[in-house]
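*Asks:* The structure that follows is given in the form of structure tokens.
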Amino acid sequence: MKQIRMHGRGGQGVVTGGEILSNAFLIEGKYLAVMPSYGVERRGSDVTAYGRLSDTPVREKSMTYEPDYLIIFDPSQLSKQSTYEGFVQGGVIVACGTDVDEILSMGVKPSKIVLVDGIKIAFEVTGSNLTNMIMCGAFAKSGAVSLDATLQAMDENLPKSFIKTSIAGARRGYDEAVVYEYDVEEVHIKHSPQWNRRILACKAPEKPPYEAPWGNCENHYIVLPTGTWKVTRPVVDTENCIKCGICAGFCPVQCIRPDENGYYLADLDYCKGCGVCAHECPKKVISMKLESEFKE
Ligand code: SF4
Ligand code: SF4
């Protein structure tokens, strides 16, 4: 699994860019799960999105702390130390800018930098600083995904009125991106943010030291006892459950697993009672019951 982190500013389409890449990977038979994180919701403020790229479906939904790929949508993010936090030595940086030395001066050791003057192209193509499709094109130049799949994802997923401009921007992003390669070995250094240690201390003590019972991630991931949040819990009518597992796929904390009889049941230490599983169940056999009904 490779981890991706995207940095940009509100209004530059960082989230849409992530979704397009996600669909491009899907076209190529891979999976990229993208999660956005906003600060204050206004144009110009910092926006970060996180992604995980894998040959198999991705279940983790936490932030990415050790990105193998950084995609930087705005030149103002290039000189911020936080942009590069946890970046894997030997990873790939795809950046909107003109000065490769500005990136190297931040102490990172990438194996590849793909640099494109996205702001200039964006103004020429769209008349604004909307760099997302240009950066998608530049990302394709890194070799992680093909330009054809990226353009197809745009064609299939963007509103009709944006497709032509977006494809033109992506093509220019790809054509005009400059690739710098470095002879650097890939090295992951475990990154454990201070605030994360505090959260780890709240985990249910009897649970294993990872995000939840299904996870394959390691112990620097966030662990929250989200089971304490719920006021309702899912109850499955097993007589009519068809064991399709759709509820498990949709659970936002991924706390549903099959039991020994193949019925999909929630781990109540992590279930936060959101009711998404009940909403998505095709047979409508999950009822959300008030927690008070289960109190002695
Ligand atoms: S989605 Fe509904 S029918 Fe399918 S496994 Fe879950 S509870 Fe059963
Ligand atoms: S209510 Fe259902 S979807 Fe929501 S957290 Fe619990 S098991 Fe997951």
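The values are calculated or read from the model by the stated rules, or taken from the named source; none is laboratory data. Please read these numbers as outputs of a predicted model, since none were measured by experiment. Backbone-built Cβ (ideal geometry, glycine too); neighbour counts: all protein chains shown.
*Asks:* Using the structure shown, decide if Pro282 is at negative phi, at pLDDT 95 or above and within 7 Å of ligand 2 (Cβ to nearest atom).
*Replies:* no
*Asks:* Continuing with this model, one more query. Can you tell me which residues in the stretch 116-134 are of a type in the set (A, V, I, L, M), touching a residue at least 40 places away in the same chain (Cβ under 8 Å) and in contact with a Gly (Cβ under 6 Å, 6 or more places away or on another chain)?
*Replies:* Of everything in the stretch 116-134, those that are of a type in the set (A, V, I, L, M), touching a residue at least 40 places away in the same chain (Cβ under 8 Å) and in contact with a Gly (Cβ under 6 Å, 6 or more places away or on another chain) turn out to be Val116, Val125, Leu130, Met133.
*Asks:* I've got another one for you. For Pro282, indicate whether it is within 11 Å of ligand 1 (Cβ to nearest atom), loosely packed, with under 13 Cβ neighbours inside 10 Å and not basic (Lys, Arg).
*Replies:* Against the criterion (within 11 Å of ligand 1 (Cβ to nearest atom), loosely packed, with under 13 Cβ neighbours inside 10 Å and not basic (Lys, Arg)), Pro282 qualifies.
*Asks:* Inspect all residues belonging to the stretch 216-235 and state whether any of them is at pLDDT 90 or above and either touching a His at 6+ places or on another chain (Cβ under 9 Å) or more than 9 Å from ligand 2 (Cβ to nearest atom) (or both).
*Replies:* yes
*Asks:* While we're here: Residues in the stretch 237-277 that are part of a strand (DSSP E or B), within 18 Å of Lys61 (Cα to Cα) and either more than 8 Å from ligand 2 (Cβ to nearest atom) or among the hydroxyl-bearing types (Ser, Thr, Tyr) (or both): how many?
*Replies:* Qualifying residue count, the stretch 237-277: 1.
*Asks:* Write out, first by first residue and then by second, each pair whose Cβ atoms fall under 6 Å of each other, whose residues are 6+ apart or on separate chains, and whose first residue, in the stretch 137-152, is farther than 14 Å from Asn23 by Cα while the second is surrounded by fewer than 18 Cβ atoms within 10 Å (Cβ to Cβ).
*Replies:* Correct list of pairs: empty, since none qualify.
*Asks:* Would you point out which residue out of Val108, Val125, Val100, Val114 is β-branched (Val, Ile, Thr) and buried (at least 24 other Cβ atoms within 10 Å of the Cβ)?
*Replies:* Matching residue, one of Val108, Val125, Val100, Val114: Val114.
*Asks:* Also, I was wondering about something else. Could you check, for the stretch 48-66, whether at least one of its residues is in a helix (DSSP H, G or I) and either in contact with a helix residue (DSSP H, G or I) (Cβ under 6 Å, 6 or more places away or on another chain) or not assigned by TED's automatic domain parsing to the domain that holds Met135 (or both)?
*Replies:* no
*Asks:* Give the number of residues within the stretch 75-90 that are farther than 19 Å from Thr131 by Cα and either buried (at least 22 other Cβ atoms within 10 Å of the Cβ) or of a type in the set (Gly, Ala, Ser) (or both). Let's see the steps before the verdict.
*Replies:* First, pick out the residues of the stretch 75-90 that are farther than 19 Å from Thr131 by Cα: 81-82, 84-90.
Keeping just the survivors that are either buried (at least 22 other Cβ atoms within 10 Å of the Cβ) or of a type in the set (Gly, Ala, Ser) (or both) gives 82, 86-88, 90.
Residues flagged as farther than 19 Å from Thr131 by Cα and either buried (at least 22 other Cβ atoms within 10 Å of the Cβ) or of a type in the set (Gly, Ala, Ser) (or both) within the stretch 75-90 amount to 5.
*Asks:* Only residues in the stretch 257-281 that are within 15 Å of Cys244 (Cβ to Cβ) and among the aliphatic types (A, V, I, L, M) count as the first member; pair them with residues that are within 10 Å of ligand 1 (Cβ to nearest atom) and modelled with pLDDT of 95 or more, Cβ under 6 angstrom, at least 6 apart or cross-chain, and list the lot.
*Replies:* Between residues of the stretch 257-281 that are within 15 Å of Cys244 (Cβ to Cβ) and among the aliphatic types (A, V, I, L, M) and residues that are within 10 Å of ligand 1 (Cβ to nearest atom) and modelled with pLDDT of 95 or more, the close pairs are Ala278/Pro234; Ala278/Ile286.
*Asks:* Going by the structure shown, is Asp175 assigned by TED's automatic domain parsing to the domain that holds Ile103 and either at pLDDT below 80 or exposed (fewer than 14 other Cβ atoms within 10 Å of the Cβ) (or both)? Please lay out each step first, then the result.
*Replies:* Working: assigned by TED's automatic domain parsing to the domain that holds Ile103: yes; either at pLDDT below 80 or exposed (fewer than 14 other Cβ atoms within 10 Å of the Cβ) (or both): yes.
The answer is yes for Asp175.
*Asks:* Output the residue which, of all residues in the stretch 230-256 that are among the hydrophobic types (A, V, I, L, M, F, W, C) and exposed (fewer than 14 other Cβ atoms within 10 Å of the Cβ), is farthest from ligand 1 (Cβ to nearest atom).
*Replies:* Val231
*Asks:* Output the number of residues of the stretch 130-143 satisfying the condition of being surrounded by 20 or more Cβ atoms within 10 Å (Cβ to Cβ) and part of a loop (DSSP other than H, G, I, E, B). Break it down into steps so the answer makes sense when it comes.
*Replies:* To start, the set of residues in the stretch 130-143 that are surrounded by 20 or more Cβ atoms within 10 Å (Cβ to Cβ) comprises 130-141.
Right, trim to part of a loop (DSSP other than H, G, I, E, B) and you get 130-131.
Summing the residues that are surrounded by 20 or more Cβ atoms within 10 Å (Cβ to Cβ) and part of a loop (DSSP other than H, G, I, E, B) in the stretch 130-143 gives 2.
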